[in-house]
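Structure first, commentary second.
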Number of protein chains: 2
Amino acid sequence: MTKDDLNTEQKILEAAKSVFIVKGLEGARMQEIADEAGINKALLHYYYRTKDKLFEAVFREAFYKLVPNIVELLKTDMPLFDKIRHFVKTYIDIFFENPFIPGFVLHELSRNPQRIVNLISNIGIEPKVFADQINEEVRLGKIKPIDPYQLIVNMLAMCIFPFAATPIIKNIIFKSDEKSFHQFMLERKDEVPEFIINSIKNE
Amino acid sequence: MTKDDLNTEQKILEAAKSVFIVKGLEGARMQEIADEAGINKALLHYYYRTKDKLFEAVFREAFYKLVPNIVELLKTDMPLFDKIRHFVKTYIDIFFENPFIPGFVLHELSRNPQRIVNLISNIGIEPKVFADQINEEVRLGKIKPIDPYQLIVNMLAMCIFPFAATPIIKNIIFKSDEKSFHQFMLERKDEVPEFIINSIKNE
DNA sequence: GTCTATATTGTGATAGAC
DNA sequence: GTCTATCACAATATAGAC
């Protein structure tokens, strides 16, 4: 299904995604979105009255990609180590498909933290179930003592950060060599879970 | 030394920092910077001809805070584990002082990756010395086998990410409770180094 | 060096024909 | 629904007096 098969409203949303996610709310231009969608500015306002409304639609989708869905995985009854491996791999795969999402969402959230509250009230993000599982494993002596939220944040950090910091890593470490950078990022799907598990497992 | 003791050029730069770092290049307004500096717009252009020039001055300082200096520490001959502890604590302390720096630099770099090249050509950032030290420790069997660059990126991720993602962490995990969030971030100065060392040390 | 006033351009949004 | 033309205002930048 190519872009021409979409109806106008969908075409606009797709164009808006591609522009907003790279340039941000304030960096994006309605003209550029119109060009990208192959229509004119007036039509943008016909479907989405204002720039802000169009942005909201884009942001919501991006945020859902970054945070929930994947969070569901943390509630299953999979064994802890398997869950960590699965979570990290799935998450990193999402960013391979959408490499600009992390930087986009982080930036727009820090520009307008209130948006988070609005988004989260609809959806129930609840890391407590996963935290409980970690605490239980600690209690049973299966893993080393650790604050579950420290572990969760570390996990998120190692998944998300490299995509938000892509230019700096690519340039400084890999001297702009696209191929070895890509290889490096691929390897993280295995390296990161092992790094985490090594840190918490008891001998 | 209060703000009034600074000369005009310094006052402008301080004002520009405080505005650009929170709002970004495209979100910042020259009027707001002028107000913050206690002068008018015309004077901004007298000292720094354009918004872009003023931004460059701010960005350079912020980037230097995020990346070098601290990198020097990685070249000393301190033992590896001490070095990791020292690096993480110092780095996190910098962000406690400048919590908006991570998000600002990451965003502006991804908006304009070329800037990195310009900045780095002046300064020599060389992670290889630290990578060599890690490789040597692996060879001696003192730590588990690991790609040094994976380790470095993990370390940076765990230091930088929580500051770039502050609103999301604060809201979702700590339900906007400022105090327990702050405590959590403080604890990372000890938790993160131990997390890393636990992962790589050989029994 | 510093100000007020103004020029100039960019950009979101609307009117109105088809 | 879609277009062209245009409005209205915001924002960077400059001119020129003091």
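The values are calculated or read from the model by the stated rules, or taken from the named source; none is laboratory data. Only a predicted model underlies this, so the values are computations on that prediction, with no experimental measurement involved. Neighbour counts run over all protein chains shown; Cβ positions are idealised from the backbone, glycine included. Note: areas computed on protein heavy atoms with side chains; ligands, DNA, RNA excluded. Shrake-Rupley method; radii C 1.70, N 1.55, O 1.52, S 1.80 Å.
What residues does the stretch B:163-189 have that are buried by at least 20 Å² of accessible area in the full protein assembly compared to the chain on its own, 1.4 angstrom probe?
Residues meeting the cut-off: B:ALA164, B:PRO167, B:ILE168, B:ASN171, B:ILE172, B:ILE173, B:LYS175, B:PHE184, B:ARG188.
Show which aspartates and glutamates lie in cross-link reach of B:LYS83 when reach means a straight Cα distance below 17 angstrom and same-chain residues fewer than eight apart are skipped.
B:GLU72, B:ASP93, B:GLU126, B:ASP132, B:GLU136, B:GLU137, B:ASP190, B:GLU191, B:GLU194
Quick query: amide H of B:SER176 versus all other amide H atoms, modeled in the peptide plane; which residues come in under 5 Å with a sequence gap of 5 or more or a different chain?
Amide H to amide H, under 5 Å and 5 or more residues apart or across chains, B:SER176 pairs with B:ASN171.
Just to be sure I follow: if Rg is taken over the C-alpha atoms of the stretch A:57-180 and Rh is the Kirkwood radius over the same atoms, what is Rg/Rh?
With Rg and the Kirkwood Rh in hand, the quotient comes to 1.01.
Between A:ARG60 and B:GLN31, what is the FRET efficiency for a Förster distance of 45 Å, r being their Cβ-Cβ separation, to the nearest 0.05?
In this case the efficiency is close to 0.90.
Can you pull the percent of the protein assembly as shown's accessible area that's carbon plus sulfur, 1.4 Å probe, other chains left in place?
Whole-percent figure for carbon plus sulfur exposure: 52.
What does the charge count around B:MET185 come to, taking other residues whose C-beta lies under 13 Å from its C-beta (Lys +1, Arg +1, Asp -1, Glu -1)?
-3
State which entries of B:LYS23/B:LYS51; B:LYS89/B:LYS179; A:LYS17/A:LYS65 exceed 18 angstrom in Cα-Cα distance in the structure shown.
Result: B:LYS89/B:LYS179 exceed 18 Å.
Placing a label point 7 Å from Cα toward Cβ, how far apart in nm is A:ARG60 from its equivalents in the other copies, listed shortest first to one decimal?
With the label placed 7 Å along Cα→Cβ, A:ARG60 yields 4.5 nm.
Per DSSP H run of at least 4 residues, take -39500 (n - 2.57); add these up for the protein assembly as shown, divide by its residues and hand me the 222 nm value, nearest 500 deg cm²/dmol.
Value at 222 nm, helices only, nearest 500: -23500 deg cm²/dmol.
Between copies, how far does the label point of A:LEU43 sit from its twins, in nm, shortest first, when each point is 7 Å from Cα along Cα→Cβ?
The projected label point of A:LEU43 is separated from its counterparts by 5.0 nm.
Chains B and A: what accessible area do they bury, summed, in square angstrom to the nearest 100, with a 1.4 Å probe?
Interface area, both chains combined: 4600 Å², rounded to the nearest 100.
Across the residues of B:118-125, average count of Cβ atoms on other protein chains within 10 Å?
If you average over the peptide's residues, the count of other-chain Cβ atoms is 1.
For B:ARG29, place a label point 7 Å from Cα along the Cα-to-Cβ direction in every copy; what are the distances to the other copies, in nm, shortest first?
2.1
If the protein assembly as shown were replaced by its equivalent ellipsoid, with semi-axes equal to the square roots of 5 times the Cα gyration tensor eigenvalues, what would those be, largest first, whole Å?
Equivalent-ellipsoid dimensions as semi-axes: 35, 29, 21 Å.
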